[in-house]
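**Q** One structure, as structure tokens, below. Some questions next.
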Amino acid sequence: MKNKTIFLTILLIVTLILASCEGGSSGQPGGKTTAGAQGKAFIGGDIGLEGVFLTGTPPAETLDNSNEPFDITLKVENKGEWDVNDVESNVEIVGIQPEEFDTTRIALNKNATESLTGAKLDSQGNTIAGSIFYYDFKDLKYNKNITGSYSFPLRANMCYTYGTKATAQLCILADLTGKTRKTGETPLCEPTDTNVPVENSGSPVHVTNFAQSVTGTNKVSFSFNIKNAGNSDNRVSEKKSKCNSEPSKKDKIYVKVDIGLPKTEGYVKLFGETSGSEERAVYCTIDFGTTEKSDFKKQVNIELTYDFKQFVNTDLLVKHVE
């Protein structure tokens with residue numbers, strides 16, 4: 001696994017930022033509620049949208065010569081915690097020649113007609129499931145005459161715009177280097193920590209390996225990795241690009257870092273042969289200058305947005321009938 005880096009710098013003097021970080025028919029509300037523990041920021045998980053072919057759509061087998069019409073229905077459920085607008089979710093059926101099944105390429109490519117609301121935690125820590133949408137492709141039939149039987153690999157390509165929210169806490173001390181700390185005195189928190197806990201919302205891309213260090217009398221640095229947490233066959237690309245795989249669009253994730261002052265944001269590029277196996281490290285530095293500090297913990301909010309492409313496979317057997 002390659003590990004690339006990009007440097008982001010947040011320079012804070014009093015409350016002034018001097019430089020920013022570099023570097024298919026109906027929708028259904030979730031409704032179902034699952035009891036959970038309170039005190040969590042997110043439900044978590046490594047899935048955004050999940051697609052599955054409904055039983056019998058397509059059927060396991062069909063007949064040639066237009067003798068047996070059939071439908072394809074893909075059930076898509078928002079298992080993650082990011083809301084997806086209708087036009088930001090698309091399904092394309094591939095693996096067959098449309099004209100051989102009395103359809104067109106356009107008819108096999110559909111956007112959702114309703115938004116897919118993400119799963120949510122209520123005030124009691126219970127999980128409210130995300131919404132569901134059904135993509136319907138109607139009245140297909142194989143119109144050729146064959147000998148014996150043929151098997152076709154059917155694939156539903158899913159493309160959607162999604163996002164990740166992650167949180168971690170920084171340790172800020174009046175005396176970051178410990179010069180005035182008495183022997184044996186335990187600080188409120190540790191300003192140097194290579195394993196800072198980080199919480200991610202349910203999504204296929206995660207923030208991992210959050211770490212903090214002291215880089216000067218009045219400076220704190222922190223870093224984190226961005227990683228595809230799901231199947232390595234899935235692809236990431238620039239948000240709202242319709243999963244564009246051109247070099248200028250693929251493997252790009254938009255990153256926002258918010259520590260309570262004006263947000264720092266920009267694109268991070270995941271370089272490499274396969275985006276599924278890539279991680280990218282992001283670095284930020286906070287310079288407090290001569291501002292008087294106290295001891296406290298500061299929440300860091302990170303938001304990632306991107307297009308995500310995944311697929312669902314099945315097989316369709318076409319048999320000859322006399």
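The values are calculated or read from the model by the stated rules, or taken from the named source; none is laboratory data. For clarity, every value in this text was computed on a predicted model and none was experimentally measured. Reconstructed Cβ throughout: ideal geometry from the backbone, glycine too, with neighbour counts over all protein chains shown.
**Q** Among what's in region 43-91 and is in a loop (DSSP other than H, G, I, E, B) and β-branched (V, I, T), pick the residue that is nearest to the chain's Cα centre (by Cα).
**A** Top of the filtered list is I47.
**Q** Shifting gears a bit: I'd like to check something: does region 210-226 contain any residue that is under 16 Å from A166 (Cα atoms), modelled with pLDDT of 95 or more and not hydrophobic (A, V, I, L, M, F, W, C)?
**A** Yes; the residues of region 210-226 include at least one that is under 16 Å from A166 (Cα atoms), modelled with pLDDT of 95 or more and not hydrophobic (A, V, I, L, M, F, W, C).
**Q** Considering every residue within region 138-148, establish whether at least one is of a type in the set (D, E, K, R), under 30 Å from D46 (Cα atoms) and surrounded by 15 or more Cβ atoms within 10 Å (Cβ to Cβ).
**A** No, every residue in region 138-148 fails to be of a type in the set (D, E, K, R), under 30 Å from D46 (Cα atoms) and surrounded by 15 or more Cβ atoms within 10 Å (Cβ to Cβ).
**Q** Can you tell me which residues in region 49-87 are surrounded by fewer than 17 Cβ atoms within 10 Å (Cβ to Cβ), closer than 20 Å to F133 by Cα and among the aliphatic types (A, V, I, L, M)?
**A** V52, L54, V87 - these are the residues of region 49-87 that are surrounded by fewer than 17 Cβ atoms within 10 Å (Cβ to Cβ), closer than 20 Å to F133 by Cα and among the aliphatic types (A, V, I, L, M).
**Q** Can you tell me which residues in region 124-148 are in a strand (DSSP E or B) and closer than 20 Å to T57 by Cβ?
**A** Listed by number, the residues that qualify are I132, F133, Y134, Y135, D136, F137, K138, D139, L140.
**Q** So if I check each of S232, S248, S294, S277, which one is more than 30 Å from D193 (Cα to Cα), small (G, A, S), surrounded by fewer than 17 Cβ atoms within 10 Å (Cβ to Cβ) and modelled with pLDDT under 95?
**A** Within the list S232, S248, S294, S277, the selection yields S248.
**Q** Same structure again: Just wondering, is there one or more residues in region 65-72 that are at pLDDT 95 or above and in contact with a Cys (Cβ under 6 Å, 6 or more places away or on another chain)?
**A** Taking every residue of region 65-72 in turn, none turns out to be at pLDDT 95 or above and in contact with a Cys (Cβ under 6 Å, 6 or more places away or on another chain).
**Q** Considering only region 294-312, how many residues are of a type in the set (K, R) and under 22 Å from the mean Cα position of the chain (by Cα)?
**A** 1
**Q** Looking at G178, G118, G202, can you tell me which residue is within 26 Å of F224 (Cβ to Cβ) and surrounded by fewer than 14 Cβ atoms within 10 Å (Cβ to Cβ)?
**A** G178
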